[in-house]
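Read the structure below first, then the notes.
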Amino acid sequence: MAARNHHVCCIVPPYLLSGIADSSKNEEFLRASARKSVDFNQKYISKRVERFADLSVPRGSRQPRPQHIIPESMLKHISESQDVDEETRTSAKHDLTHIRGITQKYQQSQGPQDESADQKRLATTAKAKKTYRAVYDANHTEDEADLPGKMIRAESQKASKDKAVNQAYDNAGHVLDFYASIFNWKSIDNKNMHVISSVHFGTNYENAFWDPEIAQMVYGDGHDFIHNFTGCIDVIGHELTHAVTEYTSPLDYQGQPGALNEHISDVFGIMIKQWVEKETADTADWLIGEGCLLPDVKGVALRSMKAPGTAYDDPRFGKDPQPDNFKAYKAAIEDNGGVHLYSGIPNKAFYLASVGLGGYSWEKAGKIWWEAMQSGQVAPRSSFIQFADITVDIAQEFFDDEAAKIVRKAWTAVGVARKPHS
């Protein structure tokens, strides 16, 4: 199998960071910090943009993706900790014994190997009885090789003195609970994959992302405009959904399929936020990253699904550029063909479908989008109209003609419509 490259999605779109870096309204140290974040993002995105392309082979021939494995030292820590309940200790002991047994068998059959390499190689065969969460302190490193860092809080342990650690731990739990209770999906891969997070990444790093190469969440602390990534449940839901997408219907991270990839993460991120806050579709604000902008910024969020292009308008980094209709779609080179920019078009379609179908967003609209991703019909290079057609068919299959009409009307309203026959 060819070596895999990976993409990193970051919750803060590159056009926003570039706006900060380019604006003469900002002091030089702020512009320099933003440029550093932009450069970092570009370096990692260019290195990993092929991740979803590698996953786009037919399902029957797809090679299994190595699962991130809980470090043996952490399982040992949990199994011996008096801060966790007996059930968690027992489960950790079971998984630790299982992993050690597999490693021993492999070494006996293959000869001496590097232990850390063995653990990574054998990760796919180690099935966990439960999902473990763990949060580490990256201690401001910008080197992926240093991650995850120092372990601060593991599954079932008491809260830390570090607010960011507790937020990352608790909000990851909300995401897992949502997928389990609403869609009967266990963790990220439906097999209790462990969820690892590192906080305090970089210095004044204004972003958060899911890194598929090391299969974990990474959070910066932010700077003068953008912060509080661990405190925004929709941010964490968005990023972890990129991992879920790998195990459902991987979409190429370029152009329209890339914008759909981003859209799917926004859809599930916003549903998780609404689920936690018990909001119906017609009463929710539909804002992504509402708590990420500092109070003096002229804006309300990173994105608005209800009204793309209206989330912010501040001279220090510009106006939200997201269009809300396909008529504004143009082929682009930047941002992998505008994956963050044009996700606003399907985002508004989902908002309209949710309000039109009524109730909570996850009851009908969310179920339609979830079943579409599970259907095997979403092609890796799916266009907006192809994805729209699938959601209409799913609405008909799982609900009725009226639901299908509402979903079609939502897509048509954002310019994603079938051309009439001449």
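Applying a threshold of 6 Å to beta carbon distances and a minimum spacing of six or more residues, or different chains, the list of pairs starting in the stretch 215-235 at a residue that is touching a residue at least 60 places away in the same chain (Cβ under 8 Å) and under 23 Å from Asp314 (Cα atoms) and ending at one that is assigned to a loop (DSSP other than H, G, I, E, B) and among the hydrophobic types (A, V, I, L, M, F, W, C) reads Phe225/Leu294; Phe225/Val297; Ile226/Val12; Ile226/Cys292; Asn228/Cys292; Cys232/Cys292; Val235/Ile11; Val235/Phe229. Do we find a residue being out of contact with any His (no Cβ under 8 Å at 6 or more places or on another chain) and modelled with pLDDT of 95 or more anywhere in the stretch 198-205? Looking for residues that are out of contact with any His (no Cβ under 8 Å at 6 or more places or on another chain) and modelled with pLDDT of 95 or more, one finds at least one in the stretch 198-205, hence yes. A search for C-beta distances below 6 Å between a residue of the stretch 245-268 that is closer than 13 Å to Ser383 by Cα and any residue that is of a type in the set (Lys, Arg), counting only pairs 6+ apart in sequence or on different chains, returns Asp252/Arg381; Pro257/Arg381. For the stretch 302-327, the set of residues classified as assigned to a loop (DSSP other than H, G, I, E, B) and either buried (at least 22 other Cβ atoms within 10 Å of the Cβ) or of a type in the set (Lys, Arg) (or both) consists of Leu302, Met305, Lys306, Pro308, Ala311, Arg316, Phe317, Asp320, Gln322, Asp324, listed by residue number. Here is a check on your reading of the model: is Ala365 of a type in the set (Gly, Ala, Ser) and under 24 Å from Trp185 (Cα atoms)? Answer is yes for this residue.
Residues that are touching a residue at least 12 places away in the same chain (Cβ under 8 Å) and farther than 24 Å from Thr88 by Cβ: does the stretch 193-201 have at least one? Yes: the stretch 193-201 contains one or more residues that are touching a residue at least 12 places away in the same chain (Cβ under 8 Å) and farther than 24 Å from Thr88 by Cβ.
In the stretch 250-267 there is no residue that is on the phi > 0 side of the Ramachandran plot, buried (at least 24 other Cβ atoms within 10 Å of the Cβ) and touching a helix residue (DSSP H, G or I) at 6+ places or on another chain (Cβ under 7 Å).
Listed by position, the strands (runs of 3 or more DSSP E) enclosed by the stretch 143-257 that each have at least 2 residues that are aromatic (Phe, Trp, Tyr) and under 16 Å from the mean Cα position of the chain (by Cα) are 208-211. Inside the stretch 274-299, can you point out the residues that are touching a strand residue (DSSP E or B) at 6+ places or on another chain (Cβ under 8 Å) and among the basic types (Lys, Arg)? Hit for the stretch 274-299 is Lys298, nothing else.
Between Gly356, Gly366, the distinction of being modelled with pLDDT of 95 or more, part of a helix (DSSP H, G or I), of a type in the set (Gly, Ala, Ser) and closer than 30 Å to Ala164 by Cβ belongs to Gly366 only.
The values are calculated or read from the model by the stated rules, or taken from the named source; none is laboratory data. Every value quoted in this text rests on a predicted model; they were computed, and no experiment measured them. Every residue, glycine as well, gets a Cβ built from its backbone with ideal geometry; the counts of neighbours run over all protein chains shown.
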